[in-house]
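Worksheet: one structure, shown below.
Every number here is computed from the coordinates shown, using simple stated rules; none is lab data. Only a predicted model underlies this, so the values are computations on that prediction, with no experimental measurement involved. Here Cβ is always computed from backbone atoms with ideal geometry, including for glycine, and neighbour counts include all displayed protein chains.
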Amino acid sequence: DQQVKQNSPSLSVQEGRISILNCDYTNSMFDYFLWYKKYPAEGPTFLISISSIKDKNEDGRFTVFLNKSAKHLSLHIVPSQPGDSAVYFCAASHQGAQKLVFGQGTRLTINP
Amino acid sequence: ETGVTQSPTHLIKTRGQQVTLRCSSQSGHNTVSWYQQALGQGPQFIFQYYREEENGRGNFPPRFSGLQFPNYSSELNVNALELDDSALYLCASRPSADARAKLFFGSGTQLSVL
């Protein structure tokens, strides 16, 4: 049962444009959401998070939007830079849980 | 401040063998989690240790076991290896058992089972 889904395995965006990565979840108990970024041969690194009491969180070029009624979150990167090329994972958790539940990942490629 | 380190980086085993993977948590972190990442998939939670006790487990069989030591380093042991155990094994540490505390991942151990 895939509780967190990233339906786009890959995304290609031109440098300077906006990258939008999407994630859907099914478990209504999830109340905390995160995005991680992974380069080859490295572990995932934390990018940005959002609690279910908010619908938007910004950190520099990165903004995460949460639509609780649709059980959908998205990560916006603007402007996109070549160094943003990586695999992006969304993850979810809920109060009292020890684990993060990850999506399958989206490979983002920024073209010069 | 050193980050999360894992050893070895790569490992090849044959079906039926046993393997031990090691992880040193980031300085000041008392909680360690292990995740399995199969090819093309996201990481899947195996278990978590907090102050040397397992305090959370995912949907993995008992042949996956672990330890956490007084210095908060950790081991993942897998017995009776199967071909499907081939994956990247990620260790992550956090400064507390709070699920909201940020996870810091190591670079992983790539295990191949032949």
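With R₀ set to 25 Å, the beta-carbon distance separating B:Leu114 from B:Asn59 gives a calculated FRET efficiency near 0.50.
Each residue in B:Lys102, A:Lys71 was given a count of other beta-carbon atoms within 10 angstrom of its own, and listing them fewest first yields B:Lys102, A:Lys71. Each part gets one Cα centre, and for region A:1-40 versus region B:69-114 those centres are 22 Å apart.
Put in order of Cβ neighbour count within 10 Å, fewest first, the listed residues A:Phe46, B:Phe105 become A:Phe46, B:Phe105. About its Cα centre, region A:32-110 has a charge dipole of approximately 220 debye under the convention of +1 per Lys or Arg Cβ and -1 per Asp or Glu Cβ, with nothing else charged. Using C-alpha pairs below 8 Å separated by at least 6 residues, the relative contact order for chain A is 37 percent. Annotation: amide H-H contacts under 5 Å for B:Asn30 (H modelled 1.01 Å from N, sequence separation of 5 or more, or interchain): B:Arg94, B:Ser96. Fewest neighbouring Cβ atoms within 10 Å first, the residues A:Ile77, A:Ile20 line up as A:Ile20, A:Ile77. Listed values for region B:24-41 are Karplus-derived 3J(HN,Hα) couplings in whole Hz (6.51 cos²θ - 1.76 cosθ + 1.60, θ = phi - 60°), namely 9, 6, 5, 3, x, 9, 10, 10, 10, 10, 10, 10, 10, 10, 6, 4, x, 10, and x replaces Gly and Pro. Couplings for region B:71-80, taken from phi via the Karplus curve 6.51 cos²θ - 1.76 cosθ + 1.60 with θ = phi - 60°, read 8, 6, 5, 8, 10, 10, 10, 10, 9, 6 Hz in order; Gly and Pro are left as x. Taking amide H atoms as placed 1.01 Å from N in the peptide plane, the amide H of B:Gly56 lies under 5 Å from those of B:Gln48, each 5 or more residues away in sequence or on another chain.
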